[in-house]
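The values are calculated or read from the model by the stated rules, or taken from the named source; none is laboratory data. None of these values were measured; they are calculated from a predicted model. Note that each Cβ is placed from the backbone with ideal geometry, even for glycine, and that neighbours are counted across all protein chains shown. Only protein heavy atoms, including side chains, enter the accessible area calculation; ligands, DNA and RNA are left aside. Shrake-Rupley method; radii C 1.70, N 1.55, O 1.52, S 1.80 Å.
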Amino acid sequence: MTFVLLFFTGITPKLNSYVGATIYLIIGFASLVISLYLAGKKFLLGISFIAFIFSLLIICFTIFIYFLPEAGMPPEIPLFE
């Protein structure tokens, strides 16, 4: 829910790129760990699976937006210079 609120309210473009990427990656990895923990406990497997998929999408989206070049433009956060 935090990811959706940050994404749609327009707070992220006002932040530094490094801060935005860090926040999104923390949200994605925390969601991933929690969903794996709940799946291991056999607690609401359907919801755990949906949360796992959503967290993977958040992580992939963050990598795509911040770390990959697009249409000849350099990435927002260059990993290799």
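Structure summary
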item	result
Two-site label geometry, F8 and Y37: point separation in nm, points 7 Å out along Cα→Cβ	2.7
Label of the coordinate-derived value, Kirkwood radius over Cα pairs in Å, listed as (i) 13.8; (ii) 15.3; (iii) 13.4	(i)
Solvent-accessible area, 1.4 Å probe, carbon plus sulfur percent, for the chain	77
Nearest-0.05 FRET efficiency for L45 and L79, computed from C-beta distance (R0 35 Å)	0.45
Accessible solvent surface per residue of the chain, calculated while the other protein chains remain in place, 1.4 angstrom probe, Å²	74
Expected 222 nm ellipticity per residue - DSSP helices of 4 or more, -39500 (n - 2.57), all of the chain, to 500	-23000 deg cm²/dmol
Value of relative contact order over the chain, rounded to a whole percent, pairs C-alpha under 8 Å and six or more apart	26
